[in-house]
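Each reported figure results from applying straightforward, stated rules to the coordinates on display, with no laboratory input. This is a predicted model, so every value here is computed, not measured. Note that each Cβ is placed from the backbone with ideal geometry, even for glycine, and that neighbours are counted across all protein chains shown.
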């Protein structure tokens, strides 16, 4: 193939990719909450987020809005944008740096639920300049002592909750907390870059890469017309993508994208069942699999997800 044809193919492919999972091992909000409160605090709210977005389908609520739920607590603890940047310590997926160089031949849009401060630190180190995250500037808000005490005294109660007690969280977030002006304003102001907002950015993209519930909408959208990749995805990503990639290496997503650029979806479909030992990578074309086979792929994918990302891998 001539260099001119290669360049033409590259120009036709626009990629939207999630960040936490496909490129970095971090779940930044989880790390922040774990350092200020406890891992359990964020885990409970992450499960509640899955419940609201996937089961209840709460109006005006999007997958990934966990970052909206935790924001008042961060303000109560005195967090600032500067502090968020200082604690941003990106832990990149294996081969992320060489993969980023190779992906630079395409137009790449990064869309992440992560707070924008983390993206400013981590994306630039890999040379990605076109990124969108959750804009949250905690220093904008002044919270009085009474409101701070109410929030911080609720942390331990949240940590003790189980999934059959989500009605308590319903009352807390959508009734009790609404009585506090600053908390209410914070939750109204924050527009998390997740769910439907990612899908809006994906409108002009023919390839999407994601791994979790906040990627469902964009993966579903792109799947209808192009290549939708679950990279070490959980059940939400597997159900929404047409290709599952299970791998330790960020480079493993490049192969299907290159094939797609040259041969389209049918070319990628032929990749199904392929294993690349050097990348510890396996590829599965989900629409061709039986229900039982999809279940097996999901277990493999979630197992790799937890193996690679540790505690962050168990979040929705």
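Values computed for the structure shown
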read-out: Translational D in µm²/s for region 85-238 (Stokes-Einstein at 10 °C, 1.306 mPa s, Kirkwood Rh from C-alpha pairs); value: 88 µm²/s
read-out: At 1.306 mPa s and 10 °C, Stokes D of region 179-230 from Kirkwood alpha-carbon radius, µm² per second; value: 132 µm²/s
read-out: Computed over the chain, Kirkwood Rh from alpha-carbon pairs, angstrom; value: 20.1 Å
read-out: Which of 174, 19 has the fewest Cβ neighbours within 10 Å, and the rest in rising order; value: 174, 19
read-out: Mean separation of Cα contacts under 8 Å, 6 or more apart, over the residue count of the chain: relative contact order %; value: 21 percent
read-out: Likely footprinting exposure, 136, 150, fewest C-beta neighbours within 10 Å first; value: 150, 136
read-out: Overall dimensions of region 134-185 as given by Cα atoms, namely Rg and Dmax in Å; value: 12.4, 35
read-out: The chain: most fluctuating residue of 248, 146, 225 per GNM, C-alpha cutoff 10 Å; value: 146
read-out: Region 153-293: radius of gyration over Cα atoms, expressed as a fraction of 2.2 N^0.38 Å; value: 1.36
read-out: Residues residue 266 and residue 104, FRET efficiency given R0 of 30 Å [Cβ-Cβ distance, rounded to 0.05]; value: 0.70
read-out: Three-way shape label, region 51-105, alpha-carbon gyration tensor, a/c 1.5; value: oblate
read-out: Exposure proxy ranking, count of Cβ atoms within 10 Å, fewest first, for 216, 204, 187; value: 204, 187, 216
read-out: Fully extended contour minus Cα-Cα distance, from residue 97 to residue 306, at 0.36 nm per residue; value: 73.1 nm
read-out: Shape of region 1-111, Cα gyration tensor, a/c cut at 1.5; value: prolate
read-out: For region 202-264: relative contact order, % (alpha-carbon pairs under 8 angstrom, 6 or more apart); value: 29 percent
read-out: Length added when fully stretched, residue 162-residue 277, from 0.36 nm per residue minus Cα-Cα; value: 37.3 nm
read-out: Compactness of region 85-152 as Cα Rg over 2.2 N^0.38 Å, two decimals; value: 1.50
read-out: Two-site label geometry, residue 184 and residue 293: point separation in nm, points 7 Å out along Cα→Cβ; value: 5.4 nm
read-out: Gained length - residue 82 relative to residue 125, 0.36 nm times residue gap less alpha-carbon distance; value: 13.7 nm
read-out: FRET efficiency for residue 12 and residue 145, using Cβ-Cβ distance with R0 set to 41 Å, rounded to 0.05; value: 0.10
